[in-house]
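Enquirer: Below are the structure tokens for one structure; questions will follow.
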Amino acid sequence: MKKARKVAMAPERGAVEISIQGVWKEFLMKNGRLSALEDISIDVRKGEFLCVIGPSGCGKSTLLSIIAGLTTPERGRVLIGGKEVKGPGRDRVVMFQESALFPWLTAIQNIEFGLKMKGVREKERKGLALHYLGLVSLERFGNSYIHELSGGMKQRVALARALAMDPEVLLMDEPFAALDALSRDQFHKELQEIWMKTGHTIIFVTHNVSEAVCLGDRVVLFTYRPGKVKEEFCIEYPRPRESRGAPKLDAIESKILRELEVEYARYREEMLHDGRV
């Protein structure tokens with residue numbers, strides 16, 4: 001197997017906003033300690049769209065949780081804007097696979113909720129909520145309750161809610177995994193357009209190689225457990241991108257898939273060894 005290596009800088013954007021420095025994470029299990037992450041070091045520039053990909057159990061979501069301040073590493077640290085992450089902060093917002101919306105509130109009320117907690121006045125937060133509803137093409141559904149919305153529409157509301165908080169960093173943990181292929185492709189286009197308008201720094205975790213190549217300025221590939229940085233791929237291709245069909249992107253996708261297959265072979269071998277398959 002290729003030796004894991006440190007991630008190089010992304011194509012030139014802003015100054016380094018997120019610095020992940022030698023992060024290790026273990027979990028205590030019934031049969032001993034499980035090493036999830038090992039010596040992860042990544043620098044993310046301001047305004048960069050970074051995608052993290054790897055097999056199940058490689059620690060992708062754990063890393064996102066550490067950046068969010070929801071999990072503490074055993075060793076190493078994360079700096080955002082030069083300040084060490086000690087816990088959750090308003091400079092970061094996490095968007096999960098499930099929309100986690102409040103069903104008793106309308107779409108616009110869900111978007112307003114975080115703004116209300118921040119102390120934003122009613123008139124201002126209403127205007128912001130309407131603005132971000134427009135940004136995700138849901139102007140007509142502001143007064144709809146969550147059960148009246150499709151899965152894709154719920155994720156649009158969740159994205160609008162996250163953007164309305166105006167975070168420095170948007171952390172996205174497989175937010176489109178539950179969507180059908182057509183909805184996911186449409187989301188890829190819309191997310192790129194929104195990102196180009198807002199300039200947020202995004203770290204996006206996914207299992208989908210096509211998705212990572214379509215969205216990312218850079219794709220970081222993790223090894224199977226313990227998760228280490230195996231390789232990084234810079235995607236220097238104009239936007240907006242389609243999820244499939246561009247020869248240059250297809251070539252990068254094929255290369256990532258070959259590397260990923262090596263890690264999935266390790267995953268399958270461990271499953272067989274443990275009698276889980």
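Enquirer: So what are the ³J(HN,Hα) numbers for region 39-51, from phi and the Karplus equation (6.51, -1.76, 1.60; θ = phi - 60°), rounded to whole Hz, Gly and Pro as x?
Expert: 6, 7, 10, 9, 9, 10, 7, 4, x, 7, 10, 9, 10
Enquirer: For the chain, what is the charge dipole size about the Cα centre, in debye to the nearest 20, if Lys and Arg each add +1 at the Cβ and Asp and Glu each add -1 at the Cβ?
Expert: My answer is approximately 520 debye.
Enquirer: With the contact rule set at Cα under 8 Å and sequence spacing of 6 or more, what percent relative contact order holds for region 8-134?
Expert: 22
Enquirer: I've got another one for you. Counting other Cβ atoms within 10 Å, which GluC sites (Glu not before Pro) in region 8-92 have at most 10 and lie in a DSSP loop?
Expert: The qualifying sites are Glu12.
Enquirer: Also, I was wondering about something else. Among the complete DSSP H segments of the chain, which ones combine at least 24 Å of alpha-carbon extent along their axis with a mean Kyte-Doolittle hydropathy of -1.0 or more?
Expert: Counting only whole DSSP H runs, the qualifying helices are 181-198, 247-273.
Enquirer: Roll a 1.4 angstrom probe over the protein heavy atoms and tell me the percent of accessible area of region 141-277 that is carbon or sulfur.
Expert: C and S fraction of accessible area: 51 percent.
Enquirer: Solvent-accessible area per residue for region 156-229 at a 1.4 Å probe radius, Å²?
Expert: On a per-residue basis, 27 Å².
Enquirer: What percent antiparallel are the DSSP beta bridges of the chain, to the nearest 5?
Expert: In the chain, approximately 55 percent of DSSP beta bridges are antiparallel ones.
Enquirer: Filter Lys46/Lys83; Lys86/Lys228; Lys60/Lys154; Lys30/Lys60 down to the pairs with a C-alpha to C-alpha distance above 18 Å, please.
Expert: As for pairs spanning more than 18 Å Cα to Cα, those are Lys86/Lys228; Lys60/Lys154; Lys30/Lys60.
Enquirer: Under the rule that an exposed site lies in a DSSP loop and has at most 16 other Cβ atoms within 10 Å, name the longest stretch of the chain with no trypsin sites (Lys or Arg not before Pro) of that kind, not counting the sites themselves.
Expert: 122-243
The values are calculated or read from the model by the stated rules, or taken from the named source; none is laboratory data. Computed from a predicted structure; not experimentally measured. We place every Cβ from the backbone using ideal geometry, glycine too, and count neighbours over all the protein chains shown. Quick note on the areas: whole protein, heavy atoms, side chains included, nothing else; ligands and nucleic acids left out. Shrake-Rupley method; radii C 1.70, N 1.55, O 1.52, S 1.80 Å.
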